[in-house]
1. Please identify the pairs in which a residue from the stretch 171-191 that is more than 16 Å from Ala78 (Cα to Cα) has its Cβ atom under 6 Å from the Cβ atom of a residue that is modelled with pLDDT under 75 and part of a loop (DSSP other than H, G, I, E, B), counting only partners at least 6 apart or on another chain.
2. Within the stretch 296-355, which residues are among the hydroxyl-bearing types (Ser, Thr, Tyr) and either part of a strand (DSSP E or B) or more than 15 Å from the chain's Cα centre (by Cα) (or both)?
3. For residues that are modelled with pLDDT under 90 and out of contact with any strand residue (DSSP E or B) (no Cβ under 8 Å at 6 or more places or on another chain), scanning just the stretch 666-681, find the one that is least open to solvent (accessible area, probe 1.4 Å).
4. Could you say whether any residue in the stretch 111-125 is open to solvent by 30 Å² or more (accessible area, probe 1.4 Å), free of Cβ contacts under 8 Å to residues at least 40 places away in the same chain and not basic (Lys, Arg)?
5. Go through the stretch 702-732 and give me each residue that's touching a Leu at 6+ places or on another chain (Cβ under 9 Å) and buried (at least 18 other Cβ atoms within 10 Å of the Cβ).
6. How about the stretch 690-701: which of its residues are in contact (Cβ under 8 Å) with a residue 12 or more places away in the chain, open to solvent by less than 60 Å² (accessible area, probe 1.4 Å) and part of a helix (DSSP H, G or I)?
7. Any idea which of Gly111, Gly101 is small (Gly, Ala, Ser) and closer than 17 Å to Pro58 by Cα?
Amino acid sequence: MVAEVAAAETVRVAVEALADRPERAFSYLLPPELGTPEPGSLLLVPYGRRLALGYLLPGTPEPEPGIELRSVEAVISAPMLTPDLLALAEEIAAYYCAPLGGTIAAMLPPGLESRLERRWAAPDRTLLPDSLRGVMSGSGEVSDGGLKRSLGKRWSAEADRLRRSGALVASWSLRPPELQARRVRTLRRLPDADAPARAAPLQRAILEALGAEARTLPDLAEEIGVEPASMLGAARRLVARGAAEMEWRVVERDPRAHRPTEVLRDYLLADEQQAALDRLEGLAAGGELLLDGVAAAGKTDVYLAALAQVLEEGGTAIVLVPEVSLVTQLADRLASLVGDQLAVLHSGLSAGERHDTWWRILRGEARVVVGTRMAAFAPLSDLRLIVVDEAHDGAYKADRTPRYDARWVARRRAALTRARVLMGTATPDVVTVSRVRGGLVERARLVERRVGRTPSVEVVDLRAELAEGNRSIFSRALTDALSALKQGSEQAILLMNRRGAATFVLCRDCGESLRCPDCDLPFVFHLSGGQLRCHHCGRTASPPEKCPHCGSSRIRYFGAGTQRVEAELRTRFPHLRVSRLDSDALAARRGFEAIYDDFREGRVDVLVGTQLAAKGLDLPSVTLAAVIAADVTLNLPDYLAPERTFQLLAQVAGRAGRGEQPGRVLIQTYAAGHYAIRAAARLDVDGFADEELPRRRLLGYPPSSVLARLLVADPDRSRAEARGREAAAAVAGPGVEVHGPLPAYVPRRAGRWRFQVVIRAQDEGTRAASLERVPPGVAIDVDPESLL
């Protein structure tokens, strides 16, 4: 839609800056010489004493009497967002109390403002000072840097004077990405090239591999079987002899270029899968279907069938996953269906990869986008379907402004585009179950496994293990199961939802634990590097030989993390090949892909991991899945702790028994009688919801209410608490319960004291009215995923 903007008419602009009302847009005048840009165009506007990046919004702004409007400085680029994304941004800003400009910026490739470039032209060179005439005599334009070199230190003021006098005219644009385009050397064999002497075997091999078309040196190195670093010298010698020609080629960064191509599987949907697909097709525009399927029931096959229909009809689709680690496996399956029309978007990509991928999508070269929550903003046209895999997962909620939930975004974007939403999970959250029971969401169930069989689940009571003298982190049942594991044909996944080797370090004389001085939280000991590390701010320290509080040398390491489990496995079961999957192990680029490929191809027998190992892995050789300590999540001080525990245990159970061999699941816990543990052992989603929903109603938690969390942080503890009291008093009102301010679960982080206020209301309207009164400088988290 073209914005109908007449001369001197005001336009609505979202500016990436703070405002008194975070969701508000600003009014500017659009000079007639700038034309009639479309909504979504990037603008440069004066904001305070600087120029800021703005985004043109559709519609006419409300009149602001008594305010002298400023003019748009320049139109930087054509629209970079589709109309539905512009409307969605305004909804997100209003619902999540987020700055509108920042919300739009989160939808775009990073670093746009840093790529602004200004160039100067001279309509009449006779008006220029002598120092500039020579500079402008070439191309007729000069950059800011050229002006600075010619005019000296006060170049900015002098350039502004020349602009006002008409001697100079400024134009703005976006530079290419801040990362230079990726270039590779290519080599082409020249006609009638003589073969090199026998003393140059590498040159001979290169010429034999070369045809008439130019090929990249890395491709040649892979074909010949040599290191790429050895190619350049030989290639240069061929060029010097006149046997070949070497050039540079610009290549688009493709995050999937290194992945092998899977063959599209030929499969038929089972009756319940087909029924789910029919249910999806029968949804009204903007409708939502919960695909509730047990592990290995074939939810991905339903996704693929739905995507195939969308592509056949000429539409586009988005597939969301909660973690970067899940992208690889699902993208491999999707690529077999979509081919080059698949795009991947997630935070693990480099800035250049994200830029190139984003523009591919905008140009219409990709029709299916798979990725984490940022992929919900992919600028696709004719969107028909949004798939949300592992829809129960809390990772869909952003922890930085704008603090949106990608599941909410998917529902709203579907409503705006008349697309359908397919939410797939084996363990739906109780709020979604409540929405299903209330008739707001359709439900299709997959109760039969397509591969393997339902594993046997055994709850191991660690209290009984202790009573019988077993103080190991491995119960007797788990020890026996690991000992019986057949190397090469059977694999195991062990879940320990803590990183590190020891969860805290304690002095046995004075009882003080070693804590991070910035966050006041216990350090965690890591075997790699032998360091203490804070998992909240990243601070590291060397383990002391003596207690810093009392000077005692009696320092002991308590608790267990993934590193300790890995170390004990290697010691007690030296015949097993062990690997670890946690956020520490994923620090390397494409770290998950390397671990996943090793495990899938049988080079690893036992995978030790945090919850990353419990999500979505589809590996038929896994016959054993075990939870080392189910109580880690169960005992967190959060109303969602039982649900998180149930989901995690049920997801781990779903990793075993996906092949021909039977699967076994062991859950080690000190709370064997807890309803979340019992329901997980039965893999009973509705049974858990039947016990959890009455508890939520009794305590007043969602879905019986809606929540918001306010967070203040300050280097001074007293000031932080005072600001928390001010925020609590401001939001209080009829129909709103206010709890706090209380110290946050992490009371001190990066040197700042943190206090939180929790707001509970019966409906969204009452909560929204309350949040309008939040004082400036207080972080707002609407529908918080956790109260920790």
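The values are calculated or read from the model by the stated rules, or taken from the named source; none is laboratory data. Only a predicted model underlies this, so the values are computations on that prediction, with no experimental measurement involved. When we count neighbours, we look across all protein chains shown, and the Cβ atoms used for this are built from the backbone with ideal geometry, even at glycine. We work out accessible area using only protein heavy atoms, side chains counted, and drop any ligands, DNA or RNA first. Shrake-Rupley method; radii C 1.70, N 1.55, O 1.52, S 1.80 Å.
1. Glu178/Gly111; Arg182/Val251; Arg182/Arg253; Val184/Val251
2. Of the residues in the stretch 296-355, the ones among the hydroxyl-bearing types (Ser, Thr, Tyr) are 300, 303, 316, 325, 328, 336, 347, 350.
The answer is Thr300, Tyr303, Thr316, Ser336.
3. It comes out as Ala671.
4. Checked against the condition, which is being open to solvent by 30 Å² or more (accessible area, probe 1.4 Å), free of Cβ contacts under 8 Å to residues at least 40 places away in the same chain and not basic (Lys, Arg), the stretch 111-125 yields no hits at all.
5. The initial filter retains those residues of the stretch 702-732 that are touching a Leu at 6+ places or on another chain (Cβ under 9 Å), namely 703-704, 707-710, 724, 727-728, 731.
Leu707, Ala708, Arg709, Leu710, Gly724, Ala727, Ala728, Val731 - these are the residues of the stretch 702-732 that are touching a Leu at 6+ places or on another chain (Cβ under 9 Å) and buried (at least 18 other Cβ atoms within 10 Å of the Cβ).
6. Scanning the stretch 690-701 gives Glu692, Leu693, Arg696.
7. Values: Gly111 fails: closer than 17 Å to Pro58 by Cα.
Being small (Gly, Ala, Ser) and closer than 17 Å to Pro58 by Cα holds for just one of Gly111, Gly101, which is Gly101.
For (1) exposed (fewer than 11 other Cβ atoms within 10 Å of the Cβ); (2) within 28 Å of Val344 (Cβ to Cβ); (3) modelled with pLDDT under 75; (4) not basic (Lys, Arg), each residue gets a yes or a no:
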| residue | (1), (2), (3), (4) |
| --- | --- |
| Arg215 | no, yes, no, no |
| Ala243 | no, no, no, yes |
| Arg256 | no, yes, yes, no |
| Pro260 | yes, yes, yes, yes |
| Glu272 | no, no, no, yes |
